[in-house]
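Encoded as structure tokens, the structure appears first; notes follow it.
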Amino acid sequence: MNAPGDVRHLIAAARRILHREGLDSQIGGHVSVRVPGEDAFWVTPYQYFDETLPEHVSKVGFDLGIREAGTITSSPGINFHAAVYEARPEINSIIHTHSRNISTLTTTAEPFGMYYTYAGLFLDDVAFFEDDGVHTPDEEGPLIVKALGSKRALLMSHHGAVNVADTLEHCTVEALLLELCAGYQLAAMAVGGKPLPDPIAATYRDAYLRHGFREQMWDANLRRLPPF
């Protein structure tokens, strides 16, 4: 059994948090963490998010070679993780989900908007990937890197989202907040709601960052998990 502070245990915890908050992606979706000092990352396999155990997580090189195999085979759709880590050295965690609100929003061609105060955390930081069909894993990586650019979130047309962050904790909380805000946006658009002006959204962003909102959200969600 891995200790609670082990990165594989934290990845399993992140998956459980995401599942509980409605971001499960059936057996698709991935959570990964860069391995410090190595051209490699820890990543999850094909499975429902709430069944992930530390021993299921594999270490995969940027060349996609398995460095340490988990007990369940890694998903074949993880190539873009390597591509993003190579292109963005400041990124240490990547989460890909197919959650309901985000996936629905991506069908509307509407950009992610400031319809709720938490959305301020993503002000000018969400890109859109107009997917034009199925791509091979080798093709997908460069396409996602290009579409994401320097931003922290990518909405994928008729698909889902990719979140990137400096830590697993930040990435997990930002993924669940992006889904929450997408739900508010869909509901607001349905009744003619208007978004916050960007300057007001920026004041909310600065306040949330100043008061450690993401860190407190991670701690609170971690406390709520039953032992595994």
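The values are calculated or read from the model by the stated rules, or taken from the named source; none is laboratory data. These numbers were taken from a predicted model, which means no experiment stands behind them. Here Cβ is always computed from backbone atoms with ideal geometry, including for glycine, and neighbour counts include all displayed protein chains.
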Q) Is it true that PRO195 is outside any helix (DSSP H, G or I), more than 11 Å from the chain's Cα centre (by Cα) and at pLDDT below 95? A) no
Q) Yes or no: ALA161 closer than 26 Å to ASN221 by Cβ and buried (at least 23 other Cβ atoms within 10 Å of the Cβ)? A) yes
Q: Output the qualifying pairs, or none if there are none: Cβ atoms under 7 angstrom, residues six or more apart or on different chains, first residue in the range 203-216 and farther than 18 Å from ASP125 by Cα, second residue surrounded by 13 or more Cβ atoms within 10 Å (Cβ to Cβ) and at pLDDT 95 or above.
A: GLU215/GLU169
Q. Got at least one residue in the range 85-95 being in contact with a His (Cβ under 7 Å, 6 or more places away or on another chain), at pLDDT 95 or above and not in a helix (DSSP H, G or I)?
A. yes
(Q) Taking the criterion of being aromatic (Phe, Trp, Tyr), surrounded by 15 or more Cβ atoms within 10 Å (Cβ to Cβ), farther than 19 Å from PHE41 by Cβ and within 16 Å of the chain's Cα centre (by Cα), would at least one residue in the range 127-146 satisfy it? (A) yes
**Q.** Per-region count, the range 80-90, residues over 13 Å from ASP39 (Cα atoms) and surrounded by fewer than 21 Cβ atoms within 10 Å (Cβ to Cβ)
**A.** 1
**Q.** Some residue of the range 74-81 being modelled with pLDDT under 95 and out of contact with any strand residue (DSSP E or B) (no Cβ under 8 Å at 6 or more places or on another chain)
**A.** yes
Q) Only one residue in GLU86, GLU110, GLU90 is acidic (Asp, Glu) and farther than 20 Å from HIS170 by Cα, so which one is that? A) GLU110
(Q) Given the condition assigned to a helix (DSSP H, G or I) and touching a Phe, Trp or Tyr at 6+ places or on another chain (Cβ under 9 Å), answer yes or no: does some residue in the range 150-161 qualify? (A) no
Q) Which ones in the range 114-143 are of a type in the set (A, V, I, L, M) and at pLDDT below 95? A) VAL134, LEU143
(Q) Please list, ordered by residue number, the strands (runs of 3 or more DSSP E) wholly in the range 18-62 having 3 or more residues that are in contact with a Phe, Trp or Tyr (Cβ under 9 Å, 6 or more places away or on another chain). (A) 30-34, 58-61
Q. Only one of (1) within 15 Å of the chain's Cα centre (by Cα); (2) part of a loop (DSSP other than H, G, I, E, B); (3) of a type in the set (Ser, Thr, Tyr) is not met by SER103, so which one is it?
A. (2)
Q | Meets criteria (in contact with a strand residue (DSSP E or B) (Cβ under 6 Å, 6 or more places away or on another chain), at pLDDT below 95, of a type outside the set (Lys, Arg) and surrounded by fewer than 22 Cβ atoms within 10 Å (Cβ to Cβ)) for SER103 | A | no
Q: Filter the range 17-61 for residues that are over 18 Å from ASN163 (Cα atoms), free of Cβ contacts under 8 Å to residues at least 40 places away in the same chain and buried (at least 17 other Cβ atoms within 10 Å of the Cβ) and give the result.
A: ALA40, GLN47, SER58, LYS59, VAL60
Q | Per-region count, the range 106-123, residues among the charged types (D, E, K, R) and either crowded, with 16+ Cβ neighbours inside 10 Å or free of Cβ contacts under 8 Å to residues at least 12 places away in the same chain (or both) | A | 0
Q. Does any residue of the range 125-143 turn out to be assigned to a helix (DSSP H, G or I), of a type in the set (A, V, I, L, M, F, W, C) and closer than 25 Å to ALA14 by Cα?
A. no
